[in-house]
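The values are calculated or read from the model by the stated rules, or taken from the named source; none is laboratory data. Keep in mind the model is a prediction, meaning the values are calculated, not measured. Backbone-built Cβ (ideal geometry, glycine too); neighbour counts: all protein chains shown. Just so you know, the surface numbers come from the protein's heavy atoms only, side chains and all, with ligands and any DNA or RNA stripped out. Shrake-Rupley method; radii C 1.70, N 1.55, O 1.52, S 1.80 Å.
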Amino acid sequence: MEQDDPAEALTELRERRLGALELLQVAAGSGLVAYAVWALLLQPGFRRVPLRLQVPYVGASARQVEHVLSLLRGRPGKMVDLGSGDGRIVLAAHKCGLRPAVGYELNPWLVGLAWLHAWRAGCAGNVSYRRENLWKVSLRDCHNVSVFLAPSVVGLGFAEPMGGPSHPVVV
């Protein structure tokens, strides 16, 4: 059996045009990948939350994280981020000296991602991420609370809007 030259095979693939069936296969495959990402990362957080409270994950930008940290500067005590997502605010708060720093998130995939970010930053033993519903968390011993709310949740009277698609609230 004769071995094909890899360069020759690559040239042959580049010159070949996709047919209708192959384009359909690519589109179907892309759709399956998009569905898998949605089902694994976004949908688990929606399972136990009433429809009016469901908020898709949108990570905080570096500017938003800095804004939250500027509101927290000089405030001692425990810092809690409700709906912590991938944990970037908790991690940044810990690095700024707020201890303990705890994040609460309902989506298990985002909690795992938060732990991964903390581990990569060398802070996995110093921060805490818990998979709990932010509406059921006890805040009795918390001095600093950070929450990013979607407009649909702000209307429930949890906090007053502060502008933009996500509203940081620091108590």
Complete set of residues in the stretch 1-41 that are under 30 Å from Val111 (Cα atoms), free of Cβ contacts under 8 Å to residues at least 60 places away in the same chain and open to solvent by 80 Å² or more (accessible area, probe 1.4 Å) | Leu32, Val33, Tyr35, Trp38
How many of the residues in the stretch 117-132 are assigned to a strand (DSSP E or B) and crowded, with 17+ Cβ neighbours inside 10 Å?
-> 3
How about the stretch 121-137: which of its residues are modelled with pLDDT of 90 or more and not hydrophobic (A, V, I, L, M, F, W, C)?
-> Gly122, Gly125, Asn126, Ser128, Tyr129, Arg130, Arg131, Glu132
So is Gly157 more than 17 Å from Pro76 (Cα to Cα) and modelled with pLDDT under 70 or not?
-> yes
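Please go through the stretch 62-90 and pick out each residue that is small (Gly, Ala, Ser), buried (at least 21 other Cβ atoms within 10 Å of the Cβ) and at negative phi.
Taking the stretch 62-90 as the starting set, the residues that turn out to be small (Gly, Ala, Ser) are 62, 70, 74, 77, 83-85, 87.
Subset that is buried (at least 21 other Cβ atoms within 10 Å of the Cβ): 83-85, 87.
Hit for the stretch 62-90 is Ser84, nothing else.
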Of Ala93, Ala101, Ala114, which residue is under 16 Å from Val147 (Cβ atoms), of a type in the set (Gly, Ala, Ser), open to solvent by less than 80 Å² (accessible area, probe 1.4 Å) and in contact (Cβ under 8 Å) with a residue 40 or more places away in the chain?
-> Ala93
Flagged in the stretch 127-152 as touching a Pro at 6+ places or on another chain (Cβ under 8 Å) and not small (Gly, Ala, Ser), in numbering order, are Val127, Arg131, His143, Val147, Phe148, Pro151
